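Accompanying notes for the structure given below.
Every number in this text was worked out from the coordinates using simple rules, so none of it is lab data. Small disclaimer: the values here were computed from a predicted structure and weren't measured. Here the Cβ is made from the backbone with ideal geometry for all residues, glycine too, and neighbour counts use every protein chain on show.
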Amino acid sequence: MGNLSHFKGVLVLFGLLALVGLATGAQFYKLFQPSWATDHFMYEGDVLKLRLDKYSGAGFASKGKYMFGKVTVQIKLVEGDSAGTVTAFYMSSDGPNHNEFDFEFLGNTTGEPYVVQTNVYVNGVGNREQRLNLWFDPTKDFHSYSILWNQRQVVFLVDETPVRVHSNLEHRGIPYPKNQPMGVYSSIWNADDWATQGGRVKTDWSHAPFVASYRGFDINACPCPDNVAWADNTRRCSSSTERRFWWDSPTVSELNLHQSHQLIWVRANHMIYDYCRDTARFPVTPAECEHHRH
Ligand SMILES: *[C@@H]1O[C@H](CO)[C@@H](O)[C@H](O)[C@H]1NC(C)=O
């Protein structure tokens, strides 16, 4: 009798574990699908792993397109020697005048720090790179990376700490990305022509496969069905008198005081490159930089 109930307990436990495993896949597949190299995807419990080897990297994309809101994923970056590899998490619209908000994690040799590069494309034009070191080792644990997007600003967050704000300065005649629905994407690939120490350090394939792990997929944004015109989506996804989205509320449409202090701290202690300060590359300071003095 005792043995039987023990046996039942074990069965229940296995059942639960199977459910948890399914839940991951379910959570991922509810929002996303692999976009290439399905054979480089692995599911382990609540974790999705993407593998880069010398044959292929891998990538996934959201099933839907969105306007405004917040997207978050937890990532544990490639451990050990990750030099030459890039893992990216980003939002992008389609077409030649696309908008894009990028997190790119540039790998490094064992023990040397990852670099997080962010970029913003507006109407097909990027060249707005910022780079930072993190205040933790992103290969040891999962950390959350989020992009918050509303009518007023695009905020890049690491563990809920803002690391970059791209503000809407349309009132000064500077275009702001707010008219095109965006998908959510992630991928890992070989970029040893530029990624690590300016491309001097190449990918060491004897250390392959390079694995990036994901969990905690979350999209809290306004869905834009394909069959709805862009202009209608903008209207549908904007707060109006009868409808108020959380991402337009006053406490979200601007950084609060605590977040402003966090951003100042990040910029003072962890920023290693800012396109706004690269006078060699931009003899004329890009227009939005004049106003980006956070
Ligand atoms: C890699 O490590 C070197 C040496 O610490 C550092 O200069 C560089 O910024 C790091 N990251 C990349 C992507 O090269």
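The table below lists the values:
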{"item": "Among Trp265, Asn227, Ser144 the positive-end extreme of the charge dipole of the chain (Cβ point charges)", "result": "Asn227"}
{"item": "Over the chain, relative contact order from alpha-carbon pairs under 8 Å, at least 6 apart, %", "result": "24 percent"}
{"item": "Shape category assigned to the chain from the gyration tensor of Cα positions, a/c cut at 1.5", "result": "oblate"}
{"item": "Charge tally in the Cβ shell below 13 Å around Ile219, where Lys, Arg are +1 and Asp, Glu are -1, Ile219 excluded", "result": "+3"}
{"item": "222 nm mean residue ellipticity, helices alone, for the chain (DSSP H n ≥ 4; -39,500 (n - 2.57); rounded to 500)", "result": "-6000 deg cm²/dmol"}
{"item": "Simple Cβ-charge dipole of the stretch 120-236, Lys/Arg +1 and Asp/Glu -1, about Cα centre, in debye nearest 20", "result": "380 debye"}
{"item": "Unit charges at the beta carbon, dipole of the chain: most positive-side option, Leu52, Tyr66, Ser239", "result": "Ser239"}
{"item": "Order of Thr161, Thr118, Thr279 under a 10 Å beta carbon neighbour criterion, fewest first", "result": "Thr279, Thr161, Thr118"}
{"item": "About the Cα centre, charge dipole magnitude for the chain (Lys/Arg +1, Asp/Glu -1 at Cβ), debye", "result": "520 debye"}
{"item": "Pairs of Lys in the chain closer than 13 Å at Cα, counting only those 8 or more apart or on different chains", "result": "4"}
{"item": "Per-residue Cβ neighbour rank within 10 angstrom, fewest leading, Glu129, Glu170", "result": "Glu170, Glu129"}
{"item": "Within a Gaussian network of the chain (alpha carbon springs, distance under 10 Å), most fluctuating of Trp230, Trp149, Trp247", "result": "Trp230"}
{"item": "Between helix 257-269 and the chain: long-axis angle, C-alpha atoms, 0 to 90°, nearest 10", "result": "90 degrees"}
{"item": "Unmatched cysteines, the chain - criterion: no other Cβ of a Cys under 4.7 angstrom", "result": "Cys224"}
{"item": "As computed over the stretch 23-129, the Cα convex hull volume per residue (Å³)", "result": "130 Å³"}
{"item": "Sequence of Lys65, Lys76 once ranked by neighbouring C-beta atoms within 10 Å, starting from the fewest", "result": "Lys76, Lys65"}
